[in-house]
Ligand SMILES: Cc1cc2nc3c(=O)[nH]c(=O)nc-3n(C[C@H](O)[C@H](O)[C@H](O)COP(=O)(O)OP(=O)(O)OC[C@H]3O[C@@H](n4cnc5c(N)ncnc54)[C@H](O)[C@@H]3O)c2cc1C
């Protein structure tokens with residue numbers, strides 16, 4: 001079982017409580033169902049409802065907005081324990097990212113309107129930043145939001161949107177001042193995805209995950225959809241929205257999977273191979289390192305500091321570990337590691353083969369190269385390389 | 001024989017260069033620019049037979065082309081480059097091993113060779129699923145209309161037996177969900193097999209086929225590695241971020257160079273290893289070194305290509321996923337990294353270099 005970082009007694013007690021909860025709720029289907037399938041999402045909804053009933057879904061929010069007044073450490077403990085049990089969740093970026101950002105930059109009216117709905121699992125929010133020509137270079141975004149007096153009119157395309165195929169709201173970044181320099185003149189909007197002019201095209205990923213491409217064709221959004229200050233969207237994205245982007249629960253899920261692999265190998269005799277033990281040992285050491293890097297982000301936030309490159313470092317750990325983690329399944333299980341879920345011969349209900357493919361999923365929130373660039377500049381003060389402009 | 005290692009000038013003779021050129025053109029035409037999952041592999045296999053590729057290593061007396069393993073390797077490189085993940089390496093490796101044992105080969109075995117030349121049949125090896133249940137294996141003949149799994153059977157004596165895959169298949173498995181061509185095989189004794197060879201000839205043919213298939217698989221993999229490198233390079237030259245095409249960024253260049261550097265060596269090694277096998281030197285250290293190195297090179301080519309592409313390659317509609325599925329199955333068929341490295345280590349002995 002996963003050991004906690006050194007925590008005060010009160011947190012340790014909470015951790016035990018969380019472990020008891022997930023242990024009693026645990027269902028084997030959590031591990032057997034294809035991630036992101038309808039069946040998986042139904043399991044997630046069921047569990048989310050139980051968390052909502054306990055006030056744990058948005059544990060770290062003030063009670064006024066549907067939270068339980070807990071703190072970020074408690075909440076992170078909960079996330080970690082949930083991830084260790086591979087607990088499903090319906091989805092949406094509301095409780096982790098957009099809700100906390102609204103506390104910082106939302107109006108009182110926006111908080112009162114949106115936060116309780118997020119805390120009840122009713123508002124499913126996706127993030128709409130990336131565009132066909134603006135991936136690593138987000139500031140190149142072209143989606144326009146034109147102020148037409150009573151409303152903004154939004155036109156553009158957002159690409160690779162996680163949860164986009166079933167979310168009801170998008171936190172969308174759009175250019176509001178085309179004359180301003182690239183990093184200025186961008187604003188954020190909470191866009192109701194049922195509005196006329198919004199079109200969604202599902203995109204299936206290599207792992208079977210579904211994401212979406214979203215088109216906005218002259219979509220009229222009310223003025224109060226603007227979140228934060230006009231033309232300060234880029235700043236908000238790098239500060240308020242960086243909240244809880246540590247992905248701090250993931251190492252726990254990876255460690256749980258390593259435990260499963262080790263158990264499988266012990267039972268099947270594969271554990272006798274020194275190479276198998278070393279591979280699993282080496283990955284566990286790296287994931288533990290990643291976990292510490294992620295916890296530091298939480299601790300900084302808990303103290304009211306704004307993490308910057310520290311969050312990118314957590315991303316980098318994930319992305320450097322991920323391909324090795326995938327490959328280890330091939331090296332340990334050989335041909336059997338290729339058999340997909342739903343086949344009786346699939347190892348660990350196909351989770352092994354799935355991780356092999358997941359090893360190539362390394363670009364959400366930016367790829368490894370750009371993440372290194374960010375750490376070089378913001379974390380180490382190294383100079384940016386300037387290429388001369390073409391012609 | 002050691003001096004043959006130094007014979008890298010020229011690597012391929014003029015005829016082989018011509019063969020390579022012809023193979024490249026034929027494969028480009030067969031693929032027709034399609035993504036790997038959409039290529040009609042059955043039609044491709046029929047064309048391979050027309051071109052004399054299925055019988056390339058069989059003597060003319062058996063209606064083959066009388067070519068070498070190196071010739072087959074040149075073809076396999078181009079088949080891989082054409083993104084066709086077929087059972088060509090295994091089929092050629094078996095025909096090579098059986099042809100070497102021709103005087104001892106059963107009449108049914110000779111008939112099988114004729115079917116291979118005609119492009120009707122492929123012979124494949126078992127890819128063990130689990131050491132505890134050696135009869136169960138992952139396998140499949142991809143391309144030819146019919147396939148046989150060839151394995152050694154110890155029942156009083158040693159026999160090399162070909163089992164028709166149709167009879168042996170327990171079921172298809174979804175390693176490649178869009179093209180479920182691989183099978184989990186059932187207990188082979190239950191099916192009617194065809195005895196090909198008996199006694200020590202059987203054991204030797206098995207050893208030859210297993211090693212040869214892996215070297216030819218390396219050729220196919222290196223060819224497909226070249227293609228994904230080309231795809232990544234082309235994309236890097238058109239995809240612009242931060243005002244420049246990403247090929248301008250040194251880190252992108254370095255990733256592409258790493259792939260290129262490893263594939264260059266892997267290709268040289270593969271060609272040389274097949275040449276060494278042609279000379280009957282199965283004990284040569286370069287052979288397992290090639291398998292270990294090429295395996296690593298193509299795996300790195302895969303994940304570094306994903307690094308270069310960004311999010312687009314992770315979408316199912318992008319062809320890189322098809323390459324990944326096809327290549328991973330072949331990478332696994334080479335054995336685990338541990339097995340490959342152990343095989344290299346076993347050849348490192350004082351003086352082995354001079355032998
Ligand atoms: C599964 C998945 C889920 C996603 N979910 C969301 C989401 O919910 N919301 C959202 O807005 N976006 C989402 N994204 C988009 C993601 O943030 C982008 O894929 C990412 O930012 C990279 O952009 P890109 O794919 O366009 O790659 P590109 O920016 O085109 O990058 C291509 C290559 O160029 C390199 N590169 C670019 N610039 C430089 C440079 N200056 N120096 C060196 N190398 C450089 C990159 O590292 C990469 O190797 C998701 C992506 C994926 C794959």
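Points to keep in mind about this one:
- Within region A:169-184, considering residues that are buried (at least 17 other Cβ atoms within 10 Å of the Cβ) and more than 11 Å from the ligand (Cβ to nearest atom), the one nearest to residue A:237 (Cα to Cα): A:174
- Sole exception among (1) modelled with pLDDT of 95 or more; (2) within 16 Å of the ligand (Cβ to nearest atom); (3) over 28 Å from residue B:312 (Cβ atoms) for residue A:320, by number: (3)
- Among (1) within 16 Å of the ligand (Cβ to nearest atom); (2) modelled with pLDDT under 90; (3) not in a loop (DSSP other than H, G, I, E, B) - the single one residue A:301 does not satisfy: (1)
- Take the conditions (1) at pLDDT below 90; (2) more than 9 Å from the ligand (Cβ to nearest atom); (3) at positive phi; residue A:388 misses just one of them, which is (3).
- Considering only residues in region A:351-378 that are touching a residue at least 40 places away in the same chain (Cβ under 8 Å) and more than 16 Å from the ligand (Cβ to nearest atom), the one that is nearest to the other protein chains (Cβ to nearest Cβ) turns out to be A:352.
- Within region A:53-67, the residues that satisfy the criterion of being assigned to a loop (DSSP other than H, G, I, E, B) and under 26 Å from residue A:251 (Cα atoms) are A:55, A:56, A:57, A:58, A:59, A:60, A:61, A:67.
- Within region A:200-221, tally of residues that are away from the ligand (no atom under 16 Å from the Cβ) and surrounded by 14 or more Cβ atoms within 10 Å (Cβ to Cβ): 3
- Scanning region A:366-391 for residues that are part of a loop (DSSP other than H, G, I, E, B) and crowded, with 19+ Cβ neighbours inside 10 Å gives A:366, A:367.
- Candidates A:330, A:338, A:316 - the one that is within 25 Å of residue B:313 (Cβ to Cβ), in contact (Cβ under 8 Å) with a residue 12 or more places away in the chain, out of contact with any strand residue (DSSP E or B) (no Cβ under 8 Å at 6 or more places or on another chain) and within 9 Å of chain B (Cβ to nearest Cβ): A:330
- From the list B:219, B:201, the one residue that fits, being assigned to a helix (DSSP H, G or I), touching a strand residue (DSSP E or B) at 6+ places or on another chain (Cβ under 9 Å) and more than 16 Å from the ligand (Cβ to nearest atom), is B:201.
- No other residue among A:18, A:42 is out of contact with any strand residue (DSSP E or B) (no Cβ under 7 Å at 6 or more places or on another chain) and surrounded by 18 or more Cβ atoms within 10 Å (Cβ to Cβ) apart from A:18.
- Test: residue in region A:149-168 that is without any contact (Cβ under 8 Å) to a residue 40 or more places away in the chain and in the same structural domain as residue A:202 (by TED's automatic domain parsing): yes
- A single member of B:297, B:219 is modelled with pLDDT of 95 or more, surrounded by 18 or more Cβ atoms within 10 Å (Cβ to Cβ) and within 14 Å of chain A (Cβ to nearest Cβ), and it is B:297.
- Checking each residue in region B:18-52 for being modelled with pLDDT of 95 or more and not in a helix (DSSP H, G or I) picks out B:51, B:52.
- Per the listing B:245, B:238, the residue uniquely touching a helix residue (DSSP H, G or I) at 6+ places or on another chain (Cβ under 7 Å) and within 16 Å of the ligand (Cβ to nearest atom) is B:245.
- Subset of region A:144-161 that is surrounded by 21 or more Cβ atoms within 10 Å (Cβ to Cβ), within 23 Å of the chain's Cα centre (by Cα) and at negative phi - its residue that is nearest to the ligand (Cβ to nearest atom): A:161
- Residues (within 14 Å of another protein chain (Cβ to nearest Cβ), on the phi < 0 side of the Ramachandran plot and not in a helix (DSSP H, G or I)) located in region A:247-294: A:273
- Checking each residue in region B:222-243 for being without any contact (Cβ under 8 Å) to a residue 40 or more places away in the chain and either surrounded by 18 or more Cβ atoms within 10 Å (Cβ to Cβ) or not in a helix (DSSP H, G or I) (or both) picks out B:240, B:241, B:242, B:243.
The values are calculated or read from the model by the stated rules, or taken from the named source; none is laboratory data. Everything numeric here is computed off the predicted structure, so don't read it as measured data. Reconstructed Cβ throughout: ideal geometry from the backbone, glycine too, with neighbour counts over all protein chains shown.
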